[in-house]
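Read through the structure below, which is laid out as structure tokens, and then see the notes.
The values are calculated or read from the model by the stated rules, or taken from the named source; none is laboratory data. The shown structure was predicted, so the numbers you read here are calculated from the model rather than taken from an experiment. Because the Cβ atoms are built from the backbone with ideal geometry, glycine has one as well, and the counts that use them run over all protein chains shown.
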Amino acid sequence: MQATTFEGQLRDPSLTSPDQSNYSVPAVLELSATGISAQTEGHPARQLSWSGMRLRRNDGGAIEFTQAGLTVTSLDPNILRAVESLAGNDLGNDIARLGGASVSGPWRTRLGCLAVCALITWMVAKVPACFDAVTEGVAESIPYSADEAIGELATGSMPTNGKEITDPVLRGAIEVMLNRIAPHRSLPDAEFQFKIVRNPTVNAFALPGGYITVFTGLIEKATSPEQVAGVLAHEISHVTKRHGINRIVKAAGTAAVVAVTLGDLGGVEEVAIEVLTSVTMNGYGRGDESEADREGVRMLIAARIDPEGLAQFFETLEVEQEGEVPVWMSTHPAPGGRAQAVRDQVFELSSTPEWEPLDIDWDKLLQRLDEI
Ligand SMILES: [Zn+2]
């Protein structure tokens, strides 16, 4: 599940320090569907409602929420993602602005119109769409070279907790998969490089610019090359859909990310590593994960790799983990639904292609993994 509790500070005019100046106290910020509850030691919890709340980044770089005379702040970049999913309708405008996207005049006007009761039905249907349109386009104005520079910068700092495996047989197998899938990517500029890391966790992740890491735990859990290829297609989709750079733009701002393309990495390095480290453990969030599933299946179909492998892999994880869902799937409340979504997408095809098996001897590969 996405975290909904964050460390932060509460500033409340009714709490005054001995010298009578306003002061901030450490607070645990709990986000819910209605707003933020700020819990502090020695004081009753303060409630800030999403409705009427203002959101900005303060001079110290923290995300600051203000409502009804109360202010809470947090330096945790993940809080924006949580706010986006819980309060997108109320705060979409502010989140988009923090993400660096310019919010157009007409959009503001339309939001103003939404207050009219007669338009309530329209509002329910359209506001989430408006919000998506603004946030999805964040990376569009940023050259792909920014993704590559940030990926290259961050790849060495990710917590893989294992030695890289350079064995040519194992690398060769992943290369066979990539060579089948990559020609069907939606972003022609994207190129991919990968690392296999000795780590029993069932995990894989992709960084902006095409830096993919596969843990041996994932290979060992799979019973066919098509299952691993399914995961790779999913990871490639995070790259081509530019999910990583979107997140970094939201956390660091467009200007800092654009500066990367001019060789200035200083403004974004810390935030990028923080954001991407979280991604390696928590995934990209529910919306992006679903999009990567769907785009991954599209590529698998185009490559004539049977997506049933991916569906089976989701099911294997669900059964064998006995409720303990691996980290990279954890943003999905129902992994079973994920397998079904893969099958539904194949079912939608007017004609099913003739699948071409991947030319990899899977038993031999697992044996090799044991030996080295
Ligand atoms: Zn993912």
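Details
- Subset of segment 285-303 (residues that are closer than 19 Å to P225 by Cβ and either touching a strand residue (DSSP E or B) at 6+ places or on another chain (Cβ under 7 Å) or small (G, A, S) (or both)): G296, A302, A303
- Contacts under 8 angstrom Cβ, first residue in segment 216-243 being in the same structural domain as A311 (by TED's automatic domain parsing) and without any contact (Cβ under 8 Å) to a residue 24 or more places away in the chain, partner part of a helix (DSSP H, G or I) and away from the ligand (no atom under 11 Å from the Cβ), 6 or more apart: L218/V228
- Single condition V228 does not satisfy, out of (1) crowded, with 18+ Cβ neighbours inside 10 Å; (2) under 23 Å from Y144 (Cβ atoms): (2)
- Contact map, segment 269-286: first residue in the same structural domain as T160 (by TED's automatic domain parsing) and near the ligand (Cβ under 10 Å from one of its atoms), second residue at pLDDT below 90 and of a type in the set (K, R), Cβ cut-off under 6 Å, separation 6 or more or different chains; pairs are G285/R81.
- Residues (surrounded by 17 or more Cβ atoms within 10 Å (Cβ to Cβ) and part of a loop (DSSP other than H, G, I, E, B)) located in segment 44-61: W50, M53
- Helices (runs of 4 or more DSSP H) enclosed by segment 285-352 - at least 2 residues per element that are surrounded by fewer than 19 Cβ atoms within 10 Å (Cβ to Cβ), modelled with pLDDT of 75 or more and basic (K, R): 286-302
- Some residue of segment 74-85 being among the acidic types (D, E), at pLDDT 75 or above and closer than 20 Å to R286 by Cβ: yes
- Residue match in segment 169-183 (condition: more than 25 Å from D363 (Cα to Cα) and at pLDDT 95 or above): yes
- Positions within segment 127-147 being at pLDDT 90 or above and crowded, with 20+ Cβ neighbours inside 10 Å, in sequence order: Y144, A146, D147
- Answer residue from segment 186-212, given it is free of Cβ contacts under 8 Å to residues at least 40 places away in the same chain and surrounded by 22 or more Cβ atoms within 10 Å (Cβ to Cβ) and is nearest to the ligand (Cβ to nearest atom) among those: A206
- When residues of segment 31-58 are limited to those that are closer than 21 Å to A251 by Cβ and at pLDDT 85 or above, the one nearest to the chain's Cα centre (by Cα): L31
- Evaluation of I248 against (1) touching a strand residue (DSSP E or B) at 6+ places or on another chain (Cβ under 8 Å); (2) away from the ligand (no atom under 13 Å from the Cβ); (3) hydrophobic (A, V, I, L, M, F, W, C) (one fails), failing number: (1)
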